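Enquirer: First the structure, then my questions, so here it is.
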Amino acid sequence: MSANVSEMIRNSLAMNGFFMNLERARNYTEATEDVFPSWVSGNERKLLQGSSSIRAHLVVAKDGSGHFKTVQAAIDAAARRRIKSRFVIHVKKGVYKENIEVDKFNDNIMLIGDGMRNTIITGARSVQDGFTTYSSATAGVGGVNDTNETT
């Protein structure tokens with residue numbers, strides 16, 4: 001009888017191992033094939049993947065070859081648009097030393113650079129210079145914070 005119990009336990013463990021491996025394989029396939037949630041549209045997937053077929057509405061370039069030389073100027077121009085659909089700003093290669101602020105009503109903006117090591121937006125605000133932790137970030141949302149200051 002103990003041989004039957006041992007065989008049943010062995011078979012149960014083997015089946016359990018099979019199903020666990022099957023589940024791992026399914027999760028891996030889902031993670032690699034469908035990186036984006038279902039609510040992200042095909043066009044938005046192309047934007048997030050950096051598809052070269054997506055055209056930017058505005059271009060920022062330090063050398064003056066774009067519409068603007070600063071990211072903040074492009075964001076401010078985007079605030080004046082009439083249609084509030086996705087607005088793409090291409091920030092060309094370079095180091096942009098500026099703290100950018102996006103008004104809370106200037107939504108649906110996407111910044112696309114020329115690569116993580118090529119397009120850098122950096123700021124130099126710190127608490128030591130009198131800025132709050134909130135307002136020292138390189139990118140922030142404009143509006144009124146909890147101390148009633150306009151940020």
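Enquirer: May I ask you to give the percent of accessible area on the stretch 49-133 that is carbon plus sulfur, with a probe radius of 1.4 Å? Show your work: numbers first, answer last.
Expert: Values: 2870 of 5660 Å².
Taking all protein chains in place, the stretch 49-133 shows 51 percent carbon and sulfur surface.
Enquirer: Hey, can you find the accessible area per residue of the stretch 59-118 for me, probe 1.4 Å, expressed in square angstrom?
Expert: On the way: 3730 Å² over 60 residues.
Ligands and nucleic acids excluded, the figure is 62 Å² per residue.
Enquirer: Rank these residues by their accessible area, most exposed first, probe 1.4 Å: ARG81, ARG45, ARG117.
Expert: Working: ARG81 30, ARG45 60, ARG117 205 Å².
Ranking ARG81, ARG45, ARG117 by accessible area, largest first, yields ARG117, ARG45, ARG81.
The values are calculated or read from the model by the stated rules, or taken from the named source; none is laboratory data. What you are looking at is a predicted structure, and each value in this text was computed from that prediction instead of being measured. All accessible areas refer to the heavy atoms of the entire protein, side chains included, with ligands and DNA or RNA removed. Shrake-Rupley method; radii C 1.70, N 1.55, O 1.52, S 1.80 Å.
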